[in-house]
1. Return the pair list, or none, for Cβ contacts closer than 9 Å from residues in segment 138-160 that are at positive phi and part of a loop (DSSP other than H, G, I, E, B) to residues that are modelled with pLDDT of 90 or more and surrounded by 13 or more Cβ atoms within 10 Å (Cβ to Cβ), at least 6 apart or on different chains.
2. So for segment 45-55 (the condition being at pLDDT 95 or above, in contact with a helix residue (DSSP H, G or I) (Cβ under 6 Å, 6 or more places away or on another chain), surrounded by 20 or more Cβ atoms within 10 Å (Cβ to Cβ) and under 22 Å from residue 11 (Cβ atoms)), does at least one residue qualify?
3. Does residue 82 count as touching a strand residue (DSSP E or B) at 6+ places or on another chain (Cβ under 9 Å) and farther than 22 Å from residue 116 by Cα?
4. For residue 149, state whether it is over 13 Å from the mean Cα position of the chain (by Cα), surrounded by fewer than 19 Cβ atoms within 10 Å (Cβ to Cβ) and under 23 Å from residue 57 (Cα atoms).
5. When only residues in segment 1-23 that are under 15 Å from residue 99 (Cα atoms) and in contact (Cβ under 8 Å) with a residue 40 or more places away in the chain count, which is nearest to the chain's Cα centre (by Cα)?
6. Name the residue that is nearest to residue 14 (Cα to Cα), counting only residues in segment 71-81 that are free of Cβ contacts under 8 Å to residues at least 24 places away in the same chain and not in a loop (DSSP other than H, G, I, E, B).
7. Among the listed residues 88, 100, identify the single one that is assigned to a helix (DSSP H, G or I), within 20 Å of residue 11 (Cα to Cα), touching a strand residue (DSSP E or B) at 6+ places or on another chain (Cβ under 8 Å) and at pLDDT 95 or above.
8. For segment 29-67, give me each residue that is closer than 16 Å to residue 133 by Cα, more than 17 Å from the chain's Cα centre (by Cα) and either free of Cβ contacts under 8 Å to residues at least 12 places away in the same chain or assigned to a strand (DSSP E or B) (or both).
């Protein structure tokens, strides 16, 4: 079992009511090989919802109390978002997850890149809150592009990467 951002599995849970379905993940979902999570939905937010970004840092800074999460109206939603991420982390632990595939750019699932907190669509290096929590537990985290690349390598070369 792998944990995946629910939007990558085809669930229309993104802030704009859309998904970011990844064909390989959708196929794995059809074989009951994924645990889907959307920390924003777990936290009680609706779909669609206002976009949000981390202001003042990255996911690690939010966890350390040095940055906040706000929506595009400037409302501080840090507490709810962090709660949803910790609940998603519990799901990872309960399912003995060793690998997670997260969607880049998200305040929660961002893997490798997140928005810079200015709502200008500028990206900065860093991870979202859930991704940081997963990594702290020793769970390998890939973004969807990395995962697709690895899966294609395995398929085309018939190799095992771990």
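1. Cβ pairs passing all conditions: 138/98.
2. No - not one qualifying residue is present in segment 45-55.
3. Values: touching a strand residue (DSSP E or B) at 6+ places or on another chain (Cβ under 9 Å): yes; farther than 22 Å from residue 116 by Cα: no.
Judged against the criteria, residue 82 is not a match.
4. no
5. Result: 5.
6. 71
7. Checking each option against the conditions leaves just 88.
8. Selection gives 64, 65, 66.
The values are calculated or read from the model by the stated rules, or taken from the named source; none is laboratory data. Since the model is a prediction, treat every value here as computed from it, not as a measurement. Cβ sites come from the backbone with ideal geometry, for glycine too, and all protein chains shown count toward neighbours.
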